[in-house]
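Notes follow the structure.
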Amino acid sequence: MKAPDIRTPLPGPKAKAIIERDGRFVSPSYTRDYPFVIAHGEGAVVEDVDGNRFLDCAAGIAVNSTGVSHPDVVRAICDQAQKFIHMSGTDFYYEPQVRLAEELASIAPIDGEVRTFFANSGTETTEAAIKLSRYFTKRQGIIAFFGGFHGRSLGALSLTASKAVQRRGFGPLLPGVYHAPYPEPYRFTGSADACAAASLSFIKDQLLVHLAAPDEIAAIVVEPIQGEGGYVVPPAAFLQGLRELTSQHGMLLVVDEVQSGMGRTGRMFACDHFGLRADVVNIAKGIASGLPLGVTCARADVMSWPPGAHASTFGGNPVSCAAANATIALLKGGLIENAARVGDHLLDGLRALQEKHPLVGDVRGKGLMIGVELVRDRQTKERAAEERNALVQAMFRRGVLILGAGKNALRLAPPLVLSMEQADQVLTIFDEALTEVRSP
C-alpha cells in the first residue's frame, strides 16, 4: 500500500458520519486529535473509510509493534482461536501462557529466575506492581515521578503525574505516593551527570528526609524513557542511581516498560541501553501486536504471594498469548534490528531539520521512540504548545499520523516495520509541516 494518498477532504463523508455516531454514544472522555477513522492497513500504512492512506507514526499509541495485522500474528491468532479462545489462566492451565512466561523469563531485564503475572493492560500491570511491592516489602510508600504515566485506574492514577486533567475530580487517590522530578537534560543547565544528581538528590535529601523514611518505601516506579511526559531520555547515571538507592534501602525498583519495551528503542527493552536490571518490570502495549495483554515480570523470590492474592479472569488470554509469542519471534527475527537502523536514520534526519527550523528545540530518543520538542525561542526554551498542536494537524492533512507528548513535544512511534523509504517520506512531510507552522 502506497502512502500518503489523500483523496478527499478530511474527514471524508464516511468518516464524518461515523464520527457523528461516535459523538452520540461513546464516552466524551476519549481524546481524539484529528478525525481519522481506520478501515484497514498493512505494515506502517493505514487507510481510512474514505480511501485516504496515511503513514502511521503512532502505531495505535506504540502498540502495533509488528505493523497492522502482520500475517504471522494473524495466523497465530486464528490458529489459537480455532482451538479455544478462553479458559482463564488463573484457574486452569494452557501451554501458550506457559510458553510466553518462559520466553519472558529469558528476555526480561531482571537477574535470576523470573515469574510473570498476566493482565490485560499497562494500567493493570501497575496495579499488580503496587500490590506486589507492598506485599513483599511489608511497606506502603511508593515513589514515582513528575511527568510519569502509569495508567488511569485509581491506584495507577496515583502514580501518574503527567497532566492535571487526568487526576482532576478523582481524589482522594492512593495514600503513601510521593513524586520526584524526572531529569530533563534539555531543560537542565549543566552536564548530564549533574542533571541526574539533582533528581537523585531531591529523593535522598528532601523526600526521604522530610516526607517518608527509607524504610517506609516499598518501591520506586520509573519509566526508563518517559513516554507521555515528552519522550524524555534520562542520563544513565539517574537510572543507575535509582538502582543503587533501592538496593541500599531494601526498596524494589519497578521499571515501567509499557511504552518503551518490546523492541521499540532498538533493543528488546529500554533498560538494555542503560545496563539497568530491575526487580519488577511492567510490559504491555507492543507485546501482542494489538491484542490486549499486560504482564508484570518479577524476580521469582519477589513474586511469592500465595494463591488468591491477585488474579485476573481475562489476563493472559490464550489468543493474546499466541499473538505475543508470534510477536516476540518477529522482534528477534529482525524487527528490533530494523527499529535501531531506521530509528538512527530518522534521528539523523530530524537533527538536520533542527538546523533548518528554529521551532525545533530538541530531538531525542532511541530506536523508533523519538521525541521532538518545539520551542518559540531556543535561548529561553519557551514551550511552543500551540505550534505543536498545529503541527500535528499539518502532518495529518499531509497524510502522516503523529501524536503529541508532554506539553510541547511530538512523538514518533511508528510500527517497527517502518522502512527507510517511508522514514524519508516522513522527514519530507515533517519539513513541509514545519515550514507551514512557524514560531512567531
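So here's what we get for this one:
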read-out	value
Strands (runs of 3 or more DSSP E) wholly inside segment 350-440 that include at least 3 residues being under 20 Å from the mean Cα position of the chain (by Cα) and charged (D, E, K, R)	360-366
Members of segment 190-209 that are part of a helix (DSSP H, G or I), over 25 Å from the mean Cα position of the chain (by Cα) and over 19 Å from Phe274 (Cα atoms)	Ser201, Phe202, Lys204, Asp205, Gln206, Leu207, Leu208, Val209
Top-ranked residue in segment 155-167 [being in contact with a helix residue (DSSP H, G or I) (Cβ under 9 Å, 6 or more places away or on another chain) and of a type outside the set (Gly, Ala, Ser); ranked as nearest to Tyr231 (Cα to Cα)]	Thr160
Count - residues of segment 201-248 that are farther than 27 Å from Gly190 by Cα, open to solvent by 20 Å² or more (accessible area, probe 1.4 Å) and touching a residue at least 40 places away in the same chain (Cβ under 8 Å)	2
Members of segment 356-410 that are of a type in the set (Asp, Glu) and free of Cβ contacts under 8 Å to residues at least 24 places away in the same chain	Glu382, Glu386
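Yes/no per residue for (1) on the phi < 0 side of the Ramachandran plot; (2) out of contact with any Lys or Arg (no Cβ under 6 Å at 6 or more places or on another chain); (3) of a type outside the set (S, T, N, Q); (4) open to solvent by 20 Å² or more (accessible area, probe 1.4 Å):
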site	(1), (2), (3), (4)
Ile77	yes, yes, yes, yes
Tyr94	yes, yes, yes, no
Leu100	yes, yes, yes, no
Gly112	no, no, yes, yes
Arg115	yes, yes, yes, yes
Ala144	yes, yes, yes, no
Phe149	yes, yes, yes, yes
Arg152	yes, yes, yes, yes
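The values are calculated or read from the model by the stated rules, or taken from the named source; none is laboratory data. As the structure is a prediction and not an experimental result, all values here were calculated from the model. Here the Cβ is made from the backbone with ideal geometry for all residues, glycine too, and neighbour counts use every protein chain on show. Accessible surface is based on the protein model in full, side chains and every heavy atom, while ligands, DNA and RNA are left aside. Shrake-Rupley method; radii C 1.70, N 1.55, O 1.52, S 1.80 Å.
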